[in-house]
Amino acid sequence: MEQKTALYDRHVACGGKIVSFAGYLLPVQYSGVIAEHMAVRTKAGLFDVSHMGEVVFEGPDALANISYLLANDFANLAIGRVRYSPMCNISGGVVDDLIVYRTGETCYYVVVNAANRHKDVAWIQQHLFGDVQFTDISDQVAQIALQGPESEAILRKVAEEPCIPKKYYSFVDMGLVAGIICMVSRTGYTGESGFELYCRPEDAATLWDVLMDAGKDNGLIPCGLGARDTLRLEAAMPLYGHEMDEDISPLEAGLDFGVKMNKLDFIGKSGIAKRLPLTRKRVGLKVTGRGIVREECPVYLAEKEIGKTTSGTHCPYLGYPVAMALVSAAHIEPGTQVEVEVRGRKVAAEIVELPFYKKA
């Protein structure tokens, strides 16, 4: 049976079209995917992302466990800063991709993908060692994402300066937003400026109302899962189950920045190394023919299949369709002309550099 987030009643009241996603009932759209996408690119949008999972590592061996479980290096992560990392299996595939917050000397707050929450918790518990306490606090946390170029102006109406993180991928742990205790993080999954706010579920509806009211003169509108997906795809942000999974290595997915092969051993290090040199890599495709490309479409170069698409859509802000694909590493040069088979018909496309969109 699907769960409801603490904001379910707000979604219904705002006219959200409710769908089942990752075990939750969530809005796929309110005013329409295109309108919501454009609001985030030009003004601001508010998302309920309370379906995401949150876990905590505490204790003298918290860092050692994080370092062994995750591919990135966290030895120099300062308190108040955030870092992205894949979590790999033994063969070098991706179990999940995570966001790690260092909240104290021996405490790390980790956000996991909603659909992977229980799988991730089981995986982590299997590999814990030493003096560390690991807790799944997902049901005790609501998360709201305020995204778009107007997001900071909106947040400043309801939060004092010390509660607003200054740098990208930094956070304020116990900030006050309209008197509500939140972790305020300068992060997001839209390719746009913005914040993610973590609070108690019982405070979520009030926080939502406060932000919506503060943003009414800044063009803020509620946004659903549909716009969240088109925004992340336009910004070429990978999605678990599409650009990465248990069989795709983070290097194949283009996540080199989150993999530190020179650090001490971590789960998947040898598996990743065994796949070198890479035989396939994630690329961007700009669709130049007529049609919209989705996932799992074969990609051809001169009648030879060289890979498959992993995600695709029409990008409202850019004004043309794009896709991401895993293709043969021998054919990843930008400018390469390819064709994508869509329902038995081949559509022309061009390999381009990622991201498709990058904010000014």
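Of all the residues in region 59-91, those that are in a strand (DSSP E or B), under 30 Å from residue 275 (Cα atoms) and not aliphatic (A, V, I, L, M) number 5.
Scan region 113-134 for residues that are within 22 Å of the chain's Cα centre (by Cα) and in contact (Cβ under 8 Å) with a residue 60 or more places away in the chain and the total you get is 8. Taken over region 7-27, residues that are over 12 Å from residue 222 (Cβ atoms) and touching a residue at least 40 places away in the same chain (Cβ under 8 Å) amount to 6. Please identify the pairs in which a residue from region 64-86 that is among the basic types (Lys, Arg) has its Cβ atom under 7 Å from the Cβ atom of a residue that is not in a loop (DSSP other than H, G, I, E, B), counting only partners at least 6 apart or on another chain. Here the result reads 81/102; 81/170; 83/100, each pair linking region 64-86 to a residue that is not in a loop (DSSP other than H, G, I, E, B).
One line per residue, one yes/no per condition, for (1) among the hydroxyl-bearing types (Ser, Thr, Tyr); (2) under 30 Å from residue 59 (Cβ atoms):
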| residue | (1), (2) |
| --- | --- |
| 135 | yes, yes |
| 150 | no, no |
| 154 | no, no |
| 157 | no, no |
| 169 | yes, yes |
| 193 | yes, no |
| 199 | no, yes |
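For region 192-251, taking the residues that are aromatic (Phe, Trp, Tyr) and assigned by TED's automatic domain parsing to the domain that holds residue 149, the one that is nearest to the chain's Cα centre (by Cα) is identified as 195. Checking every residue in region 203-214 against the condition of being touching an Asp or Glu at 6+ places or on another chain (Cβ under 6 Å) and surrounded by 15 or more Cβ atoms within 10 Å (Cβ to Cβ) gives zero matches. Scanning region 163-182 for residues that are touching a Leu at 6+ places or on another chain (Cβ under 9 Å) and in a strand (DSSP E or B) yields 175, 177, 180, 182.
Restricting the search to region 160-197, which residues are of a type in the set (A, V, I, L, M, F, W, C) and surrounded by fewer than 23 Cβ atoms within 10 Å (Cβ to Cβ)? Passing the criteria: 163, 164, 172, 174, 176, 178, 180, 181, 183. In region 28-58, of all residues being assigned to a loop (DSSP other than H, G, I, E, B) and under 18 Å from the mean Cα position of the chain (by Cα), the one that is surrounded by the most Cβ atoms within 10 Å (Cβ to Cβ) corresponds to 50. Filtering region 322-336 to residues that are within 15 Å of residue 353 (Cβ to Cβ) and free of Cβ contacts under 8 Å to residues at least 60 places away in the same chain leaves 323, 325, 327, 331, 332, 333, 334, 335, 336. Of the candidates 173, 213, 209, 217, the single residue that is over 30 Å from residue 287 (Cα atoms), of a type in the set (Asp, Glu) and in contact with a strand residue (DSSP E or B) (Cβ under 7 Å, 6 or more places away or on another chain) is 173.
Can you confirm whether region 20-27 contains a residue that is at pLDDT 95 or above, farther than 23 Å from residue 207 by Cβ and either in contact with a strand residue (DSSP E or B) (Cβ under 9 Å, 6 or more places away or on another chain) or of a type in the set (Val, Ile, Thr) (or both)? Yes: region 20-27 contains one or more residues that are at pLDDT 95 or above, farther than 23 Å from residue 207 by Cβ and either in contact with a strand residue (DSSP E or B) (Cβ under 9 Å, 6 or more places away or on another chain) or of a type in the set (Val, Ile, Thr) (or both). Scanning region 141-159 for residues that are more than 19 Å from residue 359 (Cα to Cα) and either outside any strand (DSSP E or B) or touching a Phe, Trp or Tyr at 6+ places or on another chain (Cβ under 7 Å) (or both) turns up 141, 143, 144, 155, 156, 157, 158. Yes or no: region 92-112 includes at least one residue that is without any contact (Cβ under 8 Å) to a residue 24 or more places away in the chain and out of contact with any Gly (no Cβ under 6 Å at 6 or more places or on another chain). Scanning region 92-112 turns up no residue that is without any contact (Cβ under 8 Å) to a residue 24 or more places away in the chain and out of contact with any Gly (no Cβ under 6 Å at 6 or more places or on another chain). One residue stands out among those in region 127-140 that are part of a loop (DSSP other than H, G, I, E, B) and out of contact with any helix residue (DSSP H, G or I) (no Cβ under 7 Å at 6 or more places or on another chain): the one that is nearest to residue 48 (Cα to Cα), which is 137. Residues that are surrounded by 15 or more Cβ atoms within 10 Å (Cβ to Cβ) and over 20 Å from residue 239 (Cβ atoms) were ranked within region 299-331; the one that is farthest from the chain's Cα centre (by Cα) is 301.
The values are calculated or read from the model by the stated rules, or taken from the named source; none is laboratory data. Remember, predicted model here, so these are calculated numbers, not experimental data. We place every Cβ from the backbone using ideal geometry, glycine too, and count neighbours over all the protein chains shown.
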